[in-house]
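The values are calculated or read from the model by the stated rules, or taken from the named source; none is laboratory data. Just so it is clear, the model here is predicted, and its values are computed rather than measured. Here the Cβ positions follow ideal geometry from the backbone for every residue, glycine too, while neighbour counts run over all protein chains shown.
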Amino acid sequence: MKILVISDVHSNVEALKAVLKIPHDKVIFAGDIVDYGPRPAECITILKDVSYKMVRGNHDNAVAFNVDCSCSKKMHKLSVETRKYTKYVLNNEEIKFLRGLPLKEEFEIDNKRFFMVHASNSDPLFTYLPPSTPEEKFKEEFGNINADFIVYGHTHLPLILKGIGNSTIVNPGSVGQPRDGDWRASCAIIDTETNKIEIKRVKYDLKKTEEQIREAHLPEVLIDILENR
């Protein structure tokens, strides 16, 4: 099977629709449907429909439980500003859905074992593990997990790391708000037959997302961030 791995959509429905056009058999989602972007309700609806497994991200958690997202200092003020909009446009059922998302998921697909979390095993919502993280830290977090594939998100930076126990660690990067200098939506494909993993970058209608940001009266700096400026 070809597993489409996505994370950190952040209410960018145009980017989400674009990555879902990649041929795949199942979708797994590593958290953060909402905040920052202009279309949170649409993203919840789509992901509820297409996802085989999902976990809760720190921004999903913040919206669902009215708590702080504990994101980076650089992004914190912006996340608080956009969360007001997010909570205004979501209905009670959508908030309830976010509240019910699990923090961790363990499952099998095609006889391959998966472990999925948004941030890390010891701290499912908040710890950052960017690609520059020492390998010993990855071993500390994930080395004792019995899985073929360990999936996480949160950093908005893609990563494939092999040799952590018997596992391969996959961070698909961010669909809705990449932060690695490439504006295209980022995701990953795991082929359970060949064990091949590939990071994919997908163009989407960026101008349409920018128009939606303006229509929602969200901060203009979001457009700079989407364009990686």
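Annotations for the structure displayed:
- Screening the stretch 122-142 for residues that are under 16 Å from L161 (Cα atoms) and crowded, with 16+ Cβ neighbours inside 10 Å and picking the one that is nearest to the chain's Cα centre (by Cα) gives L129.
- Pick from the stretch 98-110, criterion surrounded by fewer than 18 Cβ atoms within 10 Å (Cβ to Cβ) and either hydrophobic (A, V, I, L, M, F, W, C) or in contact (Cβ under 8 Å) with a residue 40 or more places away in the chain (or both), ranking: farthest from S7 (Cα to Cα): D110
- Exactly one residue among N92, N12 is touching a residue at least 12 places away in the same chain (Cβ under 8 Å) and among the polar types (S, T, N, Q), and that residue is N12.
- Taking the stretch 144-175 as the range and being touching a helix residue (DSSP H, G or I) at 6+ places or on another chain (Cβ under 9 Å) and surrounded by fewer than 21 Cβ atoms within 10 Å (Cβ to Cβ) as the test, the residues that pass are L161, G163, I164, G165.
- Scoring Y52 on the criteria (1) in contact (Cβ under 8 Å) with a residue 60 or more places away in the chain; (2) aromatic (F, W, Y); (3) touching a Lys or Arg at 6+ places or on another chain (Cβ under 6 Å) leaves a single failure, condition (1).
- Only one of the numbered conditions (1) touching a residue at least 24 places away in the same chain (Cβ under 8 Å); (2) out of contact with any Leu (no Cβ under 9 Å at 6 or more places or on another chain); (3) within 19 Å of C187 (Cα to Cα) is violated by V27, and that is (2).
- For the criterion of being more than 28 Å from I189 (Cβ to Cβ), out of contact with any strand residue (DSSP E or B) (no Cβ under 9 Å at 6 or more places or on another chain) and either of a type in the set (S, T, Y) or modelled with pLDDT under 90 (or both), T82 passes.
- Pairing residues of the stretch 69-87 that are on the phi > 0 side of the Ramachandran plot with residues that are part of a helix (DSSP H, G or I) and at pLDDT 80 or above, at Cβ distances under 7 Å and at least 6 apart in sequence or on separate chains, gives S70/N58.
- For the stretch 205-229, the tally of residues that are part of a helix (DSSP H, G or I) and not acidic (D, E) stands at 12.
- Any hit, the stretch 86-94, residues being surrounded by 13 or more Cβ atoms within 10 Å (Cβ to Cβ) and closer than 20 Å to V175 by Cα: yes
- Picking from residues in the stretch 36-85 that are closer than 19 Å to P219 by Cβ and among the β-branched types (V, I, T), the one that is surrounded by the fewest Cβ atoms within 10 Å (Cβ to Cβ) is V80.
Okay, residues lined up against (1) of a type in the set (D, E); (2) in contact with a Cys (Cβ under 8 Å, 6 or more places away or on another chain):
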site	(1), (2)
I3	no, no
D8	yes, no
V19	no, yes
G31	no, no
Y36	no, no
T82	no, no
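- The strands (runs of 3 or more DSSP E) found entirely in the stretch 128-186 that carry 3 or more residues being closer than 20 Å to F107 by Cβ and either at pLDDT 95 or above or in contact with a strand residue (DSSP E or B) (Cβ under 8 Å, 6 or more places away or on another chain) (or both) are 149-151, 167-172.
- Tally of residues being touching a Pro at 6+ places or on another chain (Cβ under 9 Å), farther than 16 Å from C71 by Cβ and not aliphatic (A, V, I, L, M) across the stretch 1-49: 2
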